[in-house]
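Here's the structure we're looking at; comments come further down.
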Amino acid sequence: MAARSRKSGAGAPSTEKGGTAKAGSAHEIVKTLEHFDAPAPAKFSRDEDVRAYRDMLLIRRFEEKAGQLYGMGFIGGFCHLYIGQEAVVVGMQMAMKEGDEVVTGYRDHGHMLATGMEARGVMAELTGRRSGYSKGKGGSMHMFSKEKKFFGGHGIVGAQVPIGTGLAFSNKYNGTDAIAITYFGDGAANQGQVYESFNMASLWKLPVVYVIENNRYAMGTSVSRASAETNFSHRGVSFKIPGFQVDGMDVRAVKAAGDLAAEHCRSGDGPIILEMMTYRYRGHSMSDPAKYRTRDEVQKMRSESDPIEQVKKRLVSDHGMSEDDVKAVDKEVRDVVADAADFAQNDPEPDVSELWTDIYAEAVPQAAE
Amino acid sequence: MPTEILMPALSPTMEEGTLAKWVKQVGDSVAAGDVIAEIETDKATMEVEAVDEGTLGKILVDEGSEGVKVNTPIALLLAEGEDESALESGAGGASRGATASAAEDTSATRESDEKQSAKASEPAGGNAVEDMSARRVPAEGKTHPDPDDAEGALAQEIPEGTEMVSVTVREALRDAMAEEMRRDEMVFVMGEEVAEYQGAYKITQGLLDEFGARRVVDTPITEHGFAGLGVGAAFGGLKPIVEFMTFNFAMQAIDQIINSAAKTLYMAGGQMGCPIVFRGPNGAAARVAAQHSQDYAAWYSHVPGLKVVQPFTAADAKGLLKSAIRDPNPVIFLENEILYGHSFEIPKLDDWTVPIGKARIHRKGTDVTIVSFGIGMTYAVKAAEELAKEGIEAEVIDLRTIRPMDLDTVIRSVKKTNRCVTVEEGFPQSSVGAHIASEIMVRAFDHLDAPVLKVAGKDVPMPYAANLEKLALPSVKEVIDAVKAVTYRD
């Protein structure tokens, strides 16, 4: 079955990995994953590729617009763009079911859009306006949607990891089959609370998928300068958590990995780690001069591994879509983003009375049940 | 129509910058992501990337220009199929109009924002004192005592004729958890040694037998992890009781308590909050020295979004813990190891709760107000008894809740006694007493006949040696001395 030779794997996202792990249950596959190899990329139908293309392009265009609005002074503070990493959240979202939860760090706009949160509400939060998801009180790094099961949006590196583990705890406590997708970066992967979470999640067999988005730089520090073990998929070994590296630039590879991980979690086998080999094109935040890497490195990733271009090519070559069909999707996405930006610039700021609201929730009257 | 390239803001604080260098020149074709210029900000030299593709049509700001304001057009980009003639007709067209007006909008918004915030911070009607009271309301919740409740005594909380039984604080806390776990399936308790060991201090004794391992969860020694896991479980709809073996160990978890639990309701615009109780012994026990002997009342009381409870009696411990478990907000529930074994009279009622945010007048008096909470009450009560022998009648107020603090009860008492002494075991700087003193100064300045005095732990790490430890903690004598000072006796 899936027994293959060990691959050291760190470094550039590979285009081909695995390829034989389609037979058998997730349980069987993961049990034989002593070599930590990813399943073969999923085969996408035309509809799936169109969805992937649209969802990734929405994030790309949204983030470009956010960058512009930041430059114009409409967005303040810290603003971390997700450009380059779109295949990770979109592929994972395609593997999820209704009721599954998502939690992530501060590079979170893409995750919110992928969970189906409205572009208008997210953009209006970025501009600090009253129709933002947090009424303008959270900003880029702190947004939530209980309805879409998006639990933040956390500004403290690594803090979302125990929280996602706790969401999984509540799923298990309540006997649901929902799973908690907990995203964090290669930087957060060096925080102690990540390992505290790994230990409890494995000990209690909690249904949590740890998605490590390895974009190679924790702010300005490259993985090799910050991590003794640069293969983050191995970071669960001491806790008996299986993991493997995934080509995070290929949405089909992400989807296949997500499917396997979801099945593993839902069947009661506990947590799993997916290390997504990805790349961010922009700086860490808007004020990052990005002197720690060469421009050639960025351009090479853009021109050779861009997640959106990969799908775009397939739409034309594999699914027989015309340039015009593709452009129609482009236009639809641009319109959504333009509308969101327009809305977010014109929506009023929160009423000053909002300064004093939402500090405490009202206690429910203590009537006996 | 040519697209204007505007001077970008490249950091949260940037208002202007130097256009250090043009990397692209007029006539160069530009792809999205290409570096077109270098800009020096107050922090660094940054590269400006093109967002759109096209040909650089015209440079509006020469390289070397300093003090270029954010949002100033610095160049024009020609779209596919446009030539230089578009520069004439296009400049000042829709694109320019849009961005320029956007920039104006921003400054307009900022101005109106300044006006608004100026308004918000301006005292209403010029009365700074009234305004400050008004601003306190949200942070102090809506559980204030009825203003007419001048007595505020424990007796009023217990229906007349209620049978009283003697119970230790330890049993009261256990009973509170057990009752709430019977009442609500979503309530569970987790922490180190809470289940099979029956609790490091036996507070969870018997809970595993009754509720099973699903709801009474032994954790590894991993405070930061399980505090955060508890927060996530609360987000997921559960009502966790997280026990810290002592609050000294919660220092490992304080990020999750403050950044994740306390702030989420606000950061989510009210959409979702964090109903959770963090409880455990707090403050000095006996001879456990600096790292195991700290009072965190003042620390947590600093944080909006948290409620902070520190009971003294068994009745309050039980009634407040039940309220804390039902509360939709994160509650810090500070217990005390020495008090665990103390017995108090407690009403025999099916569902005894005490509201959070309400102080209790423990002893009535007319000459001085002593305000304390938790184990500090042991000093306050003994001092009051001694003082009574000398003809000084102290009114002793047990705050019970540190946040939201029932200052109304304190102020009413001070207006009667005209003097106040605060008692706590925590460090003196930025202490609970310091906060009370400042509030009394604002709200009852004209009623004071003496400065408010604080009796607190000494401003030193807790020493181990028995004699030094005793000196580091407050004493009954210090309370008596402080009362005599404010009443001008001796």
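The values are calculated or read from the model by the stated rules, or taken from the named source; none is laboratory data. Keep in mind that what you see is a predicted model, and the values were worked out from it rather than measured. Counting neighbours? That spans all protein chains shown, and the Cβs are built from the backbone with ideal geometry, glycine included. Heavy atoms of the whole protein, side chains included, go into the accessibility calculation; ligands, DNA and RNA do not. Shrake-Rupley method; radii C 1.70, N 1.55, O 1.52, S 1.80 Å.
Taking 2.2 N^0.38 Å as the expected size of a compact globular protein, what ratio does the Cα radius of gyration of the protein assembly as shown give against it, to two decimals?
Taking the Cα Rg and dividing by 2.2 N^0.38 Å, one obtains 1.07.
Total accessible area buried between chains B and A, 1.4 Å probe, in Å² to the nearest 100?
Buried area between the two chains comes out at roughly 6100 Å².
Can you find, among B:383, B:410, B:431, the residue farthest towards the positive end of the dipole of the range B:360-486? Put +1 on the C-beta of Lys and Arg, -1 on that of Asp and Glu.
With unit charges placed on the Cβ atoms, the residue in question is B:410.
Over all alpha-carbon pairs of the range B:252-347, lay out the pair-distance distribution in 5 Å bins, whole %, shortest bin first.
3, 13, 21, 22, 18, 12, 7, 3, 1, 0
Report, please, the projected area of the range A:78-173 averaged over directions, based on the convex hull of its C-alpha atoms, in nm².
6.1 nm²
Which is the longest part of chain B that has none of the GluC sites (Glu not before Pro) sitting in a DSSP loop with at most 15 other Cβ atoms within 10 Å?
The answer is B:197-389.
Can you give me the orientation-averaged projected area of the convex hull built on the Cα atoms of the range A:26-138, in nm²?
The number I arrive at for the range A:26-138 is 8.9 nm².
What number, in percent, do you get for the relative contact order of chain A if the mean sequence gap of Cα pairs under 8 Å and at least 6 apart is divided by its residue count?
Averaging sequence separation for qualifying contacts and normalising by length gives 23 percent for chain A.
Out of the total accessible area of the protein assembly as shown (probe 1.4 Å, heavy atoms of protein only), what percent is carbon and sulfur?
Carbon and sulfur atoms account for 51 percent of the accessible area of the protein assembly as shown.
Taking Cα centroids, how far is the range B:184-234 from the range B:383-427 in Å?
Answer, in whole Å: 36.
What is the dipole size for chain A, taken about its Cα centre, with +1 at each Lys and Arg Cβ and -1 at each Asp and Glu Cβ, in debye to the nearest 20?
It comes to approximately 960 debye.
May I ask you to list the lysines whose Cα is less than 18 Å away from that of residue B:477, ignoring any residue fewer than eight positions away on the same chain?
The reachable lysines, counting only those whose Cα sits under 18 Å from residue B:477, are B:382, B:389, B:454, B:458.
Residue by residue through A:185-193, how many Cβ atoms from other chains fall within 10 Å of the Cβ on average?
2
What residues of the range A:69-103 lose no less than 30 Å² of accessible area with every protein chain in place versus their chain by itself (probe 1.4 Å, heavy atoms only)?
Buried by 30 Å² or more upon assembly, which counts only protein chains, are A:70, A:71, A:72, A:73, A:74.
Can you give the accessible area per residue of the range B:360-486, in Å², using a 1.4 Å probe?
Per residue, the range B:360-486 has an accessible area of 38 Å².
How about the range B:206-289: which trypsin sites (Lys or Arg not before Pro) there lie in a loop by DSSP and see at most 12 other Cβ atoms within 10 Å?
B:214
Enter the mean number of other protein chain beta carbons within 10 Å of the beta carbon of each residue in A:142-151, as an integer.
For this peptide, the per-residue mean of nearby foreign Cβ atoms is 4.
May I ask you to derive the FRET efficiency for residue B:349 and residue A:130 from their Cβ-Cβ distance with R0 = 60 Å, giving the value to the nearest 0.05?
The formula returns an efficiency of 0.85 here.
Can you report the principal axis dimensions of the range A:256-369 using only the alpha carbons, biggest first, rounded to whole angstrom?
Its Cα atoms span 64, 48, 39 Å along the three principal axes.
From the C-alpha gyration tensor of chain B, pull out the three semi-axes of the equivalent ellipsoid (sqrt of 5λ each), sorted largest to smallest, in whole Å.
In descending order the semi-axes read 58, 29, 21 Å.
Semi-axes of the equivalent ellipsoid for the range A:27-338, please: Cα gyration tensor eigenvalues, times 5, square-rooted, ordered largest first, whole Å.
28, 23, 20
What FRET efficiency comes out for residue B:484 versus residue B:164 if R0 is 51 angstrom and r is the Cβ-Cβ distance? Round to the nearest 0.05.
Efficiency computed from Cβ-Cβ geometry: 0.90.
Which log10 I(q)/I(0) values, to two decimals, does the range A:112-268 give at q = 0.12, 0.13, 0.17 Å⁻¹ under the Debye formula with one point per Cα?
Treating every Cα as an identical point scatterer, log10 I(q)/I(0) equals -0.57, -0.67, -1.11.
Can you give me the angle between helix B:432-444 and the longest principal axis of chain B, using Cα atoms only, in degrees from 0 to 90, rounded to the nearest 10?
80 degrees
Cα centroid distance between the range A:179-209 and the range A:319-362, in Å?
Each part reduced to its Cα centre gives a spacing of 31 Å.
Rounded to the nearest 20 debye, what is the charge dipole size of the protein assembly as shown about its Cα centre when +1 sits on each Lys and Arg Cβ and -1 on each Asp and Glu Cβ?
1820 debye
Debye calculation, C-alpha points only, no solvent: report log10 I(q)/I(0) for the range B:353-428 at q = 0.15, 0.20, 0.23 Å⁻¹, in the same order as the q values.
-0.46, -0.80, -1.03
Could you compute how much accessible surface residue A:247 exposes when probed at 1.4 Å, giving the result in Å² to the nearest 10?
That residue has around 20 Å² of solvent-accessible surface.
From the protein chains alone at 1.4 Å, what is the descending order of accessible area for A:306, A:47, largest first?
Result, largest first: A:47, A:306.
Please figure out what share of the DSSP beta bridges in the range B:360-486 is antiparallel and state it in percent, rounded to the nearest 5.
If we restrict to bridges inside the range B:360-486, about 20 percent are antiparallel.
Mind checking the per residue accessible area of the range A:27-338 for me, 1.4 Å probe, whole number of Å²?
For the range A:27-338, the solvent-accessible area averages 33 Å² per residue.
For helix B:223-235, report the angle its Cα long axis makes with the longest principal axis of the Cα atoms of chain B; keep it between 0 and 90° and round to the nearest 10°.
It works out to around 80 degrees.
Putting +1 on Lys and Arg Cβ atoms and -1 on Asp and Glu Cβ atoms, find which of A:219, A:290, B:166 reaches farthest to the positive end of the dipole of the protein assembly as shown.
B:166
Considering every residue in A:172-180, what mean count of other chain Cβ atoms within 10 Å of its Cβ is obtained?
So the per-residue partner count for this stretch is 3.
Checking a compactness column here: for the range B:154-347, what do you get for Rg(Cα) / (2.2 N^0.38 Å), N being the number of residues?
The range B:154-347 yields a ratio of 0.98.
Please compute, for the alpha-carbon atoms of the range B:360-486, the extent along each of the three principal axes and give them in descending order in Å.
That gives 43, 33, 24 Å along the principal axes, largest extent first.
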